[in-house]
Amino acid sequence: MTDTKEHVRCLIIGAGPAGYTAAVYAARANLNPVLYTGKEPGGQLMITTDVENYPGYPDGIMGPEMMEDFRKQAERFGTDVRYELIEKVDFSGPVHKAWTESGTEIHADSIIIATGASAKWLGLESEQRLANKGVSACAVCDGFFYRGKEVAVVGGGDTAAEEATYLSKLCPKVHLIVRRDEMRASKIMQDRVANTPNIEIHWNTETKEVLGDDHVTGVRVWNKVSGQETVLPIEGFFVAIGHQPNTDIFKDWLEMDETGYLITRPGSTRTNVEGVFASGDAQDHVYRQAVTAAGTGCMAALDAERYLVEKGIV
């Protein structure tokens with residue numbers, strides 16, 4: 001463990017599209033940003049194969065390759081990228097403090113949070129083994145690849161209802177696997193699902209195993225009422241049981257909603273703490289796309305620059 005202190009103008013916590021875009025803008029504004037990648041440099045895109053909906057890549061790009069491009073661009077303008085985790089923060093005083101896992105104490109004039117969110121999974125071995133081989137946590141991202149194929153969505157909330165409805169426009173049949181005898185989704189979303197003829201709802205049903213070797217070929221489900229196991233012949237399996245924002249270290253300092261997403265001031269990336277800005281999926285539970293994360297990363301850097309100018313720091 002080291003025991004050092006360091007002062008930075010702009011500290012960026014997180015290294016997905018939001019963090020790297022914030023770094024590009026902050027570096028070009030001469031804020032000398034220091035970016036800590038955390039445990040998952042590149043965020044959710046590191047477990048995404050083909051990205052076909054990000055502007056500027058007409059032939060698509062692999063998620064990890066795209067994040068490598070983002071990193072190189074941030075470093076080109078002088079961002080100091082560090083492959084380490086920020087473990088603790090203290091926003092109680094006029095100086096914002098953060099501690100790395102190796103013990104460095106950072107004093108930052110401004111902080112941009114870009115820690116993202118992680119998809120919740122069922123916890124099945126087969127689900128992880130077939131990730132990106134037919135198993136996905138984002139229908140908007142990956143649904144195109146299953147055009148004309150039979151798929152399943154697991155979940156009972158708004159996310160699952162939205163994903164099933166979206167996929168119903170691309171796929172001949174969508175199986176919606178719901179654990180209980182009712183959905184948690186809003187009434188309007190439930191009605192939409194019920195009125196979509198090619199969505200079949202499987203009530204009181206749990207997923208036991210995703211089937212397939214190199215790609216998904218089916219899913220084995222169990223009905224709690226009848227006690228019967230059934231295999232649904234599908235090629236795509238979408239887990240839609242929600243996301244968990246990676247914001248635990250900020251819970252004593254920043255305003256969040258009941259699920260942990262950071263709350264920002266309307267029309268900006270400002271949080272309730274002056275000089276701390278939130279971007280990407282850590283504060284966005286609606287869109288959750290790489291391009292929107294990058295957009296809010298840009299906004300956070302511009303907001304941070306204006307803040308530092310107003311304070312006479314730059």
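Report the FRET efficiency, 1/(1 + (r/R0)^6), for Asp213 and Arg28, where r is their Cβ-Cβ distance and R0 is 45 Å, rounded to 0.05.
For R0 = 45 Å, the calculated efficiency reads 0.40.
Need the list of lysines near Lys311 for cross-linking: C-alpha distance under 28 angstrom, and skip anything on the same chain fewer than eight residues off.
Qualifying lysines at Cα under 28 Å: Lys5, Lys88, Lys97, Lys251.
Ordered by residue, what ³J(HN,Hα) values in Hz, to whole numbers, does segment 82-87 give under the Karplus form 6.51 cos²θ - 1.76 cosθ + 1.60, where θ = phi - 60° and Gly and Pro are x?
10, 8, 8, 9, 7, 9
So between Glu101 and Ile313, what do we pick up on full extension, going 0.36 nm a residue minus the alpha carbon distance?
73.5 nm
Spelling out what I want: for every residue of segment 289-295, take phi, set θ = phi - 60°, compute 6.51 cos²θ - 1.76 cosθ + 1.60 (Karplus), and round to whole Hz; glycine and proline get x.
Once θ is set to phi - 60°, the couplings for segment 289-295 become 10, 4, 5, 6, 4, 4, x Hz.
Under the rule of at least 5 residues apart or a separate chain, name every residue whose amide H is placed under 5 Å from the amide H of Cys171.
Gly148
Between Gly14, Gly60, Gly267, which gets the highest mean-square fluctuation from a Gaussian network model of the chain, Cα cutoff 10 Å?
Gly267
Quick one: which residues, 5 or more positions from Leu176 or on another chain, have an amide H under 5 Å from its amide H? H modelled 1.01 Å from N in the peptide plane, none for Pro or chain starts.
Amide H to amide H, under 5 Å and 5 or more residues apart or across chains, Leu176 pairs with Val153, Glu200, Ile201, His202.
Determine, from the Cβ-Cβ distance of Arg76 and Glu274 and an R0 of 30 Å, the FRET efficiency 1/(1 + (r/R0)^6), rounded to the nearest 0.05.
E between Arg76 and Glu274, to the nearest 0.05, is 0.45.
Among the lysines, which fall within straight-line cross-link reach of Lys133, defined as a Cα-Cα distance under 27 Å, with same-chain neighbours fewer than 8 residues apart omitted?
Within the straight-line cut-off, Lys133 pairs with Lys39, Lys120, Lys149, Lys169, Lys173, Lys208.
State to the nearest 20 debye the size of the charge dipole of the chain about its Cα centre, where the only charges are +1 on K and R beta carbons and -1 on D and E beta carbons.
So the magnitude is around 440 debye.
What distance in nm separates the two pseudo spin-label positions at Val225 and Asn53, each 7 Å out from Cα along the beta-carbon direction?
Rounded to a tenth, the inter-label distance reads 3.3 nm.
Bear in mind these aren't lab numbers, they're just calculated from the coordinates by the rules spelled out. What you see is a predicted model, and the numbers here were worked out from it, not measured in a lab. Quick reminder, even Gly has a Cβ in these numbers, built from the backbone with ideal geometry, and neighbours come from all protein chains shown.
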